[in-house]
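Bear in mind these aren't lab numbers, they're just calculated from the coordinates by the rules spelled out. Since the model is a prediction, treat every value here as computed from it, not as a measurement. Glycine also receives a Cβ, built like all others from the backbone with ideal geometry; neighbour counts cover every protein chain displayed.
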Amino acid sequence: MESQRLKDILRGFCRVRLLVLGDYFLDEYLVVDPSLTETSIETGLEARQVVEIRNSPGAAGTVCSNLVAMGAQVEAMGIIGDDGNGYELVRGLKERGVGTELMVMAADRSTPTYTKPMKKLPDGTEDEMERIDIKNRSATPFVLEQRVLANLRAAVQSVDGVIIGDQVDEDECGVVTAKVRAELARLSVQNRGKVFFADSRSRIGKFSEVMIKPNEKEAAAVVGTGLDEDKLVRGLYRIARKPVFLTRGEQGILIYDGRKSWHCPAVPVCGPIDIVGAGDSATAGIVAALCSGASLVEAGEIGNLAASVTIRKLGTTGTASQQEVLEAFERMAG
């Protein structure tokens, strides 16, 4: 891809309107200073002292943050609890310019949260400690599922594409239930001109009529282990019936559209990296590019560029702006 073509695609991002449907988590970073550690009088156990708190929208929220950073217009749709973490999550989305009117708040659900204690080191850097997860482990109530479906049907008419972020491992406990997947397939068939794009940790093989972005492990779990990449993408395409973007870490992305495959090499990155959120930034870049008129290959290249930016941002779930994507392209081009 030439530099001017990349600029033209990125320039179109400001006209792109996207719905991000899925599981929203609050990423809560607690910076702990070991030099301030106390001993609890009541228990005698170590009481770690938090000196800084950083909250940001995670999971589907990371996709939203990247899309906004790239200039797209974004509406969030998910389920959160009527609790403090839900308030922080919505506040974080609003601060980034993400629409939150379609977020469903429920008193009987907890806001999914990744609490990440970060040990402050003498040189000023941070080292992540054991994570603490808050998730809903009971089935999503019928009434909440129906609210999501109603919001989805109403919102799809006014957007250029729908990104599905299926983060929760526990089946039927998140936003993207079997009924929601079926409705997404139906809406995709009805709206051929719109991009429907799914990323799922545990159920990528259950999506049909939408583009999918699995990694090699997720693909093998569906199609079978021990298969080469060509058989993986062909097997997934037979299920999804839409283009497949197989992410392969340092090997880049393999794209298959049912007839032909392309390999988009990863962007070389030097120095320390943090891969948290890399897949979400790639998703944002790919879908925004597709909605801006990019080909499948161009979209894959932009996804790789976006990921190469975010993995260089340590200790946080970073984003990639248009300018940063352009700078990454220029570095790669030499």
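DSSP loop (so not H, G, I, E, B), at most 15 other Cβ within 10 Å: list which GluC sites (Glu not before Pro) in region 162-235 pass both filters.
Answer by residue number: 170, 172.
Using Rg and Dmax of the Cα atoms in Å as the read-out, say which of (1) 40.2, 150; (2) 19.5, 62; (3) 20.0, 68 was calculated from these coordinates.
Working out Rg and Dmax of the Cα atoms in Å from the coordinates points to (3).
Restricting attention to region 229-334, which chymotrypsin sites (Phe, Trp or Tyr not before Pro) occupy a DSSP loop and are surrounded by at most 15 other Cβ atoms within 10 Å? Working shown, then result.
Values: sites: 237, 245, 256, 262, 329; in loops: none.
Loop-located and lightly packed - none at all.
Using a simple charge model, +1 on the beta-carbon of Lys and Arg, -1 on the beta-carbon of Asp and Glu, nothing else, what dipole does region 201-334 show about its Cα centre, in debye to the nearest 20?
580 debye
Going by how many other Cβ atoms sit within 10 Å of their own, how do 3, 281 line up, fewest first? Please list the in-between numbers first.
Working: 3 11, 281 31.
The most exposed by this proxy come first: 3, 281.
Spin-label point model (7 Å from Cα, Cβ direction): what's the residue 178 to residue 11 distance in nm?
In this crude spin-label approximation the distance works out to 4.9 nm.
Please list, by residue number, every one of the trypsin sites (Lys or Arg not before Pro) in region 163-192 that is coil in DSSP and has at most 12 other beta-carbon atoms within 10 Å.
Passing sites in region 163-192 are 192.
Exposure proxy check: 302, 212 ranked by fewest other beta carbons within 10 Å?
Going from sparsest to densest Cβ surroundings: 212, 302.
How much of the DSSP bridge set in region 23-144 is antiparallel, in percent, rounded to the nearest 5?
60 percent
Distance from a point 7 Å along Cα→Cβ of residue 87 to each backbone N in region 45-63: keep the residues under 20 Å and list them by number.
Those under the cut-off are 52-58.
When the Debye formula is applied to the Cα atoms of region 203-334, each taken as the same point scatterer, what base-10 log of I(q)/I(0) results at q = 0.18, 0.19 Å⁻¹?
So the normalised log intensities work out to -0.95, -1.04.
Got a sec? How would 14, 64 order by Cβ neighbour count within 10 Å, fewest to most?
14, 64
Which of 178, 223, 149 sits farthest toward the positive end of the charge dipole of region 138-237, with +1 on the Cβ of Lys and Arg and -1 on the Cβ of Asp and Glu?
149
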